[in-house]
Every structure is written in structure tokens, then in C-alpha cells.
Amino acid sequence: MKILVVGGNGTLGKAVVEKLKDLGHEVLVAGRHEADVYVDLTLPESIEQMYATVENIDHVISTAGQTTAKPLVEMKPTDNQLSIDSKLLGQINLVLLGQHIINDGGGFTLTTGVKKDDPIVGGASAAMANGGITAFVKTAAIELPRGLRINSVSPNIVEESFEQQKDTFMGFTPVPISKVANAFVKSVVGQQTGQEYKIYQ
Ligand SMILES: NC(=O)c1ccc[n+]([C@@H]2O[C@H](COP(=O)([O-])OP(=O)(O)OC[C@H]3O[C@@H](n4cnc5c(N)ncnc54)[C@H](OP(=O)(O)O)[C@@H]3O)[C@@H](O)[C@H]2O)c1
């Protein structure tokens with residue numbers, strides 16, 4: 001399969017790209033810097049430009065999308081906007097614009113995260129984006145045309161990110177990144193749609 005991984009240079013993205021390549025898939029990495037294809041998810045015209053640049057894509061993965069981590073009492077609407085523009089609408093726009101572009105029988109796999117199910121201080125904005133993506137995926141699955149599928153992966157904090165965020169995720173047990181990458185593989189090569197793969201343990 002030919003797979004476009006938006007955010008494929010990031011922590012999760014690298015692990016997903018490596019696993020897909022090991023399985024013999026052709027992978028293109030998209031992002032704002034040092035990518036095969038340039039895209040800024042926060043700009044719909046940039047997503048359109050990305051899709052105009054690539055050809056013959058079977059599956060689009062997003063391991064991208066920024067969020068604001070800030071205690072609720074300090075959070076301003078402008079802080080929350082990053083999570084909306086990037087992780088929530090950025091990923092949704094990948095699907096809205098890509099549904100007409102990718103190959104018949106192809107699909108999308110988006111990323112959410114544990115913060116929506118296991119609340120932590122400063123996590124509300126990310127949780128909002130994560131929950132919105134989960135609901136969108138479940139509903140979009142019944143309407144996508146041409147046999148296209150869609151799933152999401154909701155990872156716990158991974159071992160590679162834990163040290164940097166250990167104060168935020170105190171008491172959490174990080175998960176191996178290979179388990180998270182496997183969930184993306186399952187979404188790409190399997191036949192399920194409308195699913196959310198929670199990798200919390
Ligand atoms: N790491 C974890 O433990 C963990 C756990 C649960 C959920 N998540 C979620 O998984 C996602 C990825 O996390 P990560 O730790 O892998 O992050 P990361 O290491 O910061 O990587 C994010 C990737 O996304 C790209 N990106 C960011 N903003 C973008 C934009 N506006 N347009 C296009 N590309 C963009 C970045 O590349 P450029 O800078 O080149 O654009 C980068 O390659 C995030 O939404 C995060 O909330 C992560």
C-alpha cells in the first residue's frame with residue numbers, strides 16, 4: 001500500500017513509519033519541516049496543496065496535531081484555539097479533503113490520546129480535541145464513500161515521551177511505542193472501520 005503519514009517525523013510517527021516500511025509498504029512523510037510532502041494541518045489550503053502533490057494514496061495516517069496544556073482556570077479561549085485548529089480541525093480536514101482524493105477502499109487513521117479518558121490537570125483542551133475526533137471517526141465511518149474506512153488510535157503516554165512529561169503524567173505507567181504503532185498497522189491493513197483502538201496498558 002502507499003501510505004501518507006502526516007507527522008511521520010514525530011515520536012509516534014517515526015515508530016509507525018518504521019513498522020509500515022518493515023512490512024513492505026511505501027510511505028510518504030508529511031509535515032511542516034523536512035518532509036517528503038509539506039503540509040500545515042491548521043490551514044485547509046495547505047492540506048489541499050498536499051493532496052494535489054501526491055498520487056495514488058491508499059491510506060492517510062495522522063500522528064500530528066498540537067494541543068494546549070494549561071490548567072483550566074488559566075486557560076483563555078485563544079489558548080484553546082490551538083487544539084481546535086491543529087489536533088481537532090486539522091485532522092478532520094485531512095478526512096474532509098482527502099475523502100475525494102485517496103484510492104477506492106482506502107482509509108484514514110487519526111490520533112487522539114488518553115487525556116480524554118483519564119483526566120489530568122491541564123488536559124482539558126487536549127481532551128476536547130481527542131473526544132471530538134473519536135466522535136467524528138465513529139460517525140464519518142458510516143458515510144465515507146467508495147469503501148473508505150476510518151479509525152482512531154488513542155495512546156497512553158509512551159515510554160519515549162514519559163521522562164519529559166513525568167510530572168504531568170504522575171502515576172501513569174507508560175506504554176511501549178511498538179504497541180501503539182501496531183494499532184496503526186491494524187487500522188491500515190485490517191478491515192475494521194469506525195473503531196477506536198485504546199492502547200492504555
Ligand atoms: N507521545 C505520546 O506519548 C502521545 C500519547 C498520546 C497521544 N499523543 C498524541 O499523538 C500526536 C503526536 O504526538 P508525538 O509525541 O508524536 O508528537 P511530536 O513528536 O511532537 O510529533 C508531532 C509531529 O507532527 C508534526 N506536526 C505538528 N503540527 C503540525 C501541523 N500543524 N501540520 C503538520 N504537521 C504537524 C510535526 O512535524 P513538523 O514540526 O515538521 O510539522 C511532528 O512530526 C499528538 O497529537 C499527541 O497529542 C502522543
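General remarks:
- The chain: DSSP helices with Cα axial extent of at least 15 Å and average Kyte-Doolittle hydropathy no lower than -0.5: 11-22, 124-140, 177-189
- All-pairs alpha carbon distance profile, the chain, 5 Å steps from 0, percent: 1, 8, 17, 21, 22, 16, 9, 4, 1, 0
- Distance between the pseudo-spin-label points of Asp117 and Asn56 (7 Å out from Cα toward the beta carbon): 3.8 nm.
- Members of Lys21/Lys70; Lys76/Lys115; Lys2/Lys76; Lys87/Lys166; Lys76/Lys116 lying beyond 30 Å, as alpha-carbon distances in this model show: Lys21/Lys70; Lys2/Lys76
- Here the label points at Gln164 and Gln192, each 7 Å from Cα along the C-beta direction, are separated by 2.9 nm in the simple model.
- 3J(HN,Hα) along the range 161-176, derived from phi through the Karplus expression 6.51 cos²θ - 1.76 cosθ + 1.60 where θ = phi - 60°, amounts to 9, 5, 4, 5, 10, 5, 6, 6, 9, 4, x, 7, 9, x, 9, x Hz, with x in place of Gly and Pro.
- Using the Karplus relation 6.51 cos²θ - 1.76 cosθ + 1.60 with θ = phi - 60°, the per-residue 3J(HN,Hα) values for the range 23-32 come to 7, x, 7, 8, 10, 10, 9, 10, x, 8 Hz, with x marking Gly and Pro.
- Stretchable slack from Asp36 to Lys76, in nm (0.36 nm times residue separation minus alpha-carbon distance): 10.9 nm
- Taking 7 Å steps out from each Cα toward its Cβ at Asp104 and Lys2 produces label points 1.7 nm apart.
- DSSP bridge pairs, the chain: antiparallel proportion in percent, nearest 5: 0 percent
Values quoted throughout were computed directly from the atomic coordinates according to the rules given, and no laboratory measurement underlies them. Remember, predicted model here, so these are calculated numbers, not experimental data. Virtual Cβ from ideal backbone geometry, glycine too; neighbours counted across all protein chains shown.
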